[in-house]
Amino acid sequence: MLKDGTYQIVREYHRDGDRVRYYSVERGQWEEIPAALVDWDATAKTEAAREKSNDALAEKIHEREEAKRLDNVQDIDASLQVGKGAFLPDSEGMFVVEGKTIRMLKQVGAGNETDKARTIEQILSPIPIVPGKQRVFIEGQHAVLRLRTNTPEFYLREPPPDPDSDDSRVEHSSRPGEVGPDVVMLRAKVMRKGRQLESIKTLFGEKIGATADEVLLQRWVVAPNVYRFTLGETLTPGEYVLAEVLPGGLNYFVWDFGLDGQEDTGKKGK
């Protein structure tokens, strides 16, 4: 801004003593004028107003992009960030997150095996009230999927509810009053015939109790039909499964994985 009321549109300028050197946007070249011709107060006010206008425009663009991102997460879930620069796939299923790595867990079927010794004892007993026992097994001693960290996170993306169905999200959980799937993590016991998940006691053919080595797990709702599961304790090397608990008991189609070791996140000593 000049003292005679005119102005120069410049890309940049430098004051050097009694001269001002500036790059003229209009003529595309460097020029010089005496510093005494410049209205420095008006120039400062104009620069402050332009900077304020630019900041307001940048904030408006940021708010618009942030709103667009949140809409995508809530409505589409395709941009749901779940790791260090990793995004949850838009397919349905259970996923494990290790840093930037996301892998899908496959479901395997488990089955019951009756304790033959208890069955014989029941037959030979004069008063056949000996409780029976069943064991829930997965074939094979080791899961195919192997993890490297002892603090993974898990995400379950379920299909959207059927609008024509009368089932509610509350009924989906085995815990009264809670919405969403009731998923537990079990530490499997490796045996000769496979991996044991649960031991069930029966009496007169009816289930009277069950024992399993459960790992503390917390559930969080992160988006429509998307649930995050975090560990309440550090995993040790071994075999594990994630299983959904239904109102009638454990779902025998489980997600299995194994942990061979743990990542060393600390500093190594010299």
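Among (1) surrounded by fewer than 14 Cβ atoms within 10 Å (Cβ to Cβ); (2) outside any loop (DSSP other than H, G, I, E, B); (3) modelled with pLDDT under 80, there is one condition residue 210 misses while meeting the rest; what is its number?
It fails just one condition, (1).
Only one of 79, 53, 91 is polar (S, T, N, Q), in contact with a strand residue (DSSP E or B) (Cβ under 8 Å, 6 or more places away or on another chain), at pLDDT below 85 and more than 30 Å from residue 135 (Cβ to Cβ); which?
Values: 53 fails: in contact with a strand residue (DSSP E or B) (Cβ under 8 Å, 6 or more places away or on another chain); 91 fails: at pLDDT below 85.
One residue alone meets the criteria, 79.
Tell me which residues, restricted to segment 220-263, are aromatic (Phe, Trp, Tyr) and more than 18 Å from the chain's Cα centre (by Cα).
Those that are aromatic (Phe, Trp, Tyr) and more than 18 Å from the chain's Cα centre (by Cα): 240, 252, 253.
A quick yes/no check of all residues on (1) more than 29 Å from the chain's Cα centre (by Cα); (2) closer than 25 Å to residue 211 by Cβ; (3) at pLDDT below 50:
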| site | (1), (2), (3) |
| --- | --- |
| 124 | yes, no, yes |
| 128 | yes, yes, yes |
| 141 | no, yes, no |
| 145 | no, no, no |
| 160 | no, no, no |
| 163 | no, no, no |
| 166 | yes, no, no |
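Got a number for residues in segment 140-162 being closer than 14 Å to residue 239 by Cβ and either among the basic types (Lys, Arg) or not in a loop (DSSP other than H, G, I, E, B) (or both)?
Residues meeting the conditions: 2.
Just to be sure I understand, how many residues within segment 222-260 are on the phi > 0 side of the Ramachandran plot and either outside any strand (DSSP E or B) or buried (at least 20 other Cβ atoms within 10 Å of the Cβ) (or both)?
1
The values are calculated or read from the model by the stated rules, or taken from the named source; none is laboratory data. All of these numbers come straight from a predicted model, not from anything done at the bench. Here Cβ is always computed from backbone atoms with ideal geometry, including for glycine, and neighbour counts include all displayed protein chains.
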